[in-house]
Structures are given as structure tokens and as C-alpha cells.
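Report on the following structure.
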Amino acid sequence: MSTDGANTDRIQVGPITPRIPLDQVVAQGRCYMGISLDNPIFRGRTLTALVQWAVGHFRQCQVVVGDSLRRHNEQILQGLQGARAVDAARAVGDAFLRDHKNLFDSFDHGRLQVIRWDECLSWPEYRTDRKAIDDLYAGETDFRSAVQRDAFAFVKRMKKRSSKLAVSDEQAIELSSQYLLEEIAVFSALSMRSWSVELYPGPELEVLVKVASGAFARIPQGLRQRVNVELKCVSET
């Protein structure tokens with residue numbers, strides 16, 4: 001909720017993928033919220049409302065700060081490569097954690113945990129599931145097409161926000177596809193580590209809707225048991 005006493009944000013529950021009653025989802029007890037650092041909803045009072053809703057409904061919530069994941073965006077938007085892209089992405093994560101330290105510190109750390117993207121990439125579950133997802137991307141046309149459609153939509157949104165990309169459209173779509181493959185593999189790893197419920201203030205990726213519908217046969221188990229809950233912030237005065 002807002003700390004200024006004038007405005008609040010109310011959370012509404014949107015579609016759940018796959019379709020499961022909310023009370024059954026909440027009964028699982030644990031959730032995670034991936035933080036997209038380019039999304040302004042993950043700031044200030046809307047972030048506060050989202051975190052309060054999560055902690056109010058689940059016994060434990062893990063906030064996953066997608067900082068080093070942003071290195072792909074740094075390449076697309078700024079043309080940065082390698083370590084420079086990683087450093088720039090991590091710096092955005094540092095700023096986010098600094099700006100919202102009081103918010104996260106205000107919750108019982110047994111209820112709310114905050115981790116950064118690099119920790120997820122170190123998990124053995126991530127390495128195993130990333131290989132399976134990369135193999136699927138290379139070998140199954142329908143899966144690759146679904147990922148690339150999401151990547152195209154992602155690039156289209158970036159082009160609306162930025163006057164010019166630092167790479168070609170083709171390179172941007174490839175980098176965005178790699179972003180999504182990494183993100184999906186982390187989601188699968190989180191699920192395998194008993195964080196199978198994702199809360200996110202936006203629609204589910206098309207490729208993950210297809211995964212939930214059983215469209216792909218060789219998908220990792222973590223993705224099969226994953227649940228996405230779309231949340232919506234409604235401002236009130």
C-alpha cells in the first residue's frame with residue numbers, strides 16, 4: 001500500500017495458468033515473484049502492494065531479482081557486450097535493492113526472501129533444465145516458434161520505448177529468445193526447488209501457456225508442475 005496516506009493500489013487476480021482455483025494455489029503455501037527491472041510496476045507503491053498481497057496470501061514468498069538476466073537487454077539497447085553488459089545489468093539490480101531496502105526489510109525474513117539472478121544460474125536444477133530446454137528449442141519447431149513469437153513481441157515493446165535499437169531486428173529477436181530460454185529454465189529450476197507458483201503482474205508468455213496445455217512432450221518436469229497467477233494493480237484514490 002502507499003505510504004503517502006492518499007493513494008492505494010488494490011490487487012486483483014487475473015487468469016491462472018493452468019486453470020486451478022485460487023484457494024488450491026494458495027494452499028501450496030509458497031510462491032515466487034520474478035522482478036523485471038524494466039517494468040515500472042516493480043517500483044514504489046505498486047511493488048509494495050504486490051509484495052503485501054503475496055505475503056498476505058502465502059506462508060513464504062521468494063522475490064527473484066532478474067538483474068543479470070538484463071544483460072541481453074543491455075546488448076539490444078546499448079550494444080554492450082560480455083562483461084560490460086553483465087556489469088551494467090547488475091548495477092540496475094544494485095539500484096533496485098538499494099531503493100527498496102526498507103520495503104524488503106519491513107517483512108519477516110522467514111516469510112519473504114530476496115535472491116538475485118546469479119544465484120539461480122548456479123543451481124544444478126537450472127543447468128539440467130536449461131540443457132533440456134535448449135535441446136527442445138533446437139529440435140522441436142513448434143516450441144522454437146512459440147519462443148520466437150514471444151521474443152518478437154518483446155522486441156516490439158522495446159522499440160516502442162526506445163528510439164533505436166543498438167542491433168538489427170534479427171539480432172534483437174535472437175537475443176530476446178536467449179533471454180526467454182534462460183528465464184524459462186530458471187522458472188523450471190525454481191519449481192523443482194518447490195517454488196512452483198509464480199505471481200506476475202502481467203499476462204503469461206505464450207510459450208508457457210502452451211506448455212501448461214501439454215503442447216510439448218519433452219518439457220522438463222519443473223515446467224509441468226508450474227502455476228502462473230496473473231496479478232493486476234488497480235489504483236484507488
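Restricted to region 53-161, the set of helices (runs of 4 or more DSSP H) holding at least 2 residues that are among the aliphatic types (A, V, I, L, M) comprises 71-78, 82-99, 124-139, 141-161. Taking the criterion of being modelled with pLDDT of 95 or more, touching a Ser or Thr at 6+ places or on another chain (Cβ under 9 Å) and surrounded by fewer than 20 Cβ atoms within 10 Å (Cβ to Cβ), the residues of region 7-45 that qualify are Pro18, Gln28, Arg30. Among the residues making up region 209-237, those that are in a loop (DSSP other than H, G, I, E, B) and of a type in the set (A, V, I, L, M, F, W, C) are Ala215, Phe216, Ala217, Ile219. Residues that are within 24 Å of Pro220 (Cα to Cα), free of Cβ contacts under 8 Å to residues at least 40 places away in the same chain, surrounded by 15 or more Cβ atoms within 10 Å (Cβ to Cβ) and charged (D, E, K, R) do not occur anywhere in region 115-125. For region 141-152, the set of residues classified as surrounded by 13 or more Cβ atoms within 10 Å (Cβ to Cβ) and touching a residue at least 40 places away in the same chain (Cβ under 8 Å) consists of Phe143, Ala146, Val147, Arg149, Asp150, listed by residue number. Based on this model, can you work out whether Ser163 counts as modelled with pLDDT under 95, surrounded by fewer than 16 Cβ atoms within 10 Å (Cβ to Cβ) and more than 18 Å from Asp67 (Cβ to Cβ)? It is true that Ser163 is modelled with pLDDT under 95, surrounded by fewer than 16 Cβ atoms within 10 Å (Cβ to Cβ) and more than 18 Å from Asp67 (Cβ to Cβ). Checked against the criterion of being in contact with a Cys (Cβ under 6 Å, 6 or more places away or on another chain) and of a type in the set (Phe, Trp, Tyr), region 56-66 contains one or more residues that satisfy it. Would you point out which residue out of Asp105, Asp129, Asp118 is touching a Gly at 6+ places or on another chain (Cβ under 7 Å) and among the acidic types (Asp, Glu)? Just one listed residue meets the conditions, Asp129. Only one of the listed residues (Leu190, Leu175, Leu205) is more than 25 Å from Pro18 (Cβ to Cβ) and not basic (Lys, Arg). That residue is Leu175.
The rows are residues; the columns are (1) in a helix (DSSP H, G or I); (2) aliphatic (A, V, I, L, M).
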site	(1), (2)
Glu170	yes, no
Leu175	yes, yes
Glu182	yes, no
Ala185	yes, yes
Ser191	yes, no
Ser194	no, no
Glu198	no, no
Gly202	no, no
Val207	yes, yes
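Looking across region 16-29, the residues that are in contact (Cβ under 8 Å) with a residue 12 or more places away in the chain and more than 16 Å from the chain's Cα centre (by Cα) come down to Pro18, Ile20, Leu22, Val25, Val26, Gln28, Gly29.
Does Ala138 count as of a type in the set (A, V, I, L, M, F, W, C), touching an Asp or Glu at 6+ places or on another chain (Cβ under 9 Å) and free of Cβ contacts under 8 Å to residues at least 40 places away in the same chain? Taking the combined requirement at face value, the residue does not satisfy it. Residues that are over 16 Å from the mean Cα position of the chain (by Cα), charged (D, E, K, R) and surrounded by 21 or more Cβ atoms within 10 Å (Cβ to Cβ) within region 59-114 comprise just one, Glu74.
The values are calculated or read from the model by the stated rules, or taken from the named source; none is laboratory data. This is a predicted model, so every value here is computed, not measured. As a convention, Cβ positions derive from the backbone with ideal geometry for all residues, glycine included, and neighbour counts pool all protein chains shown.
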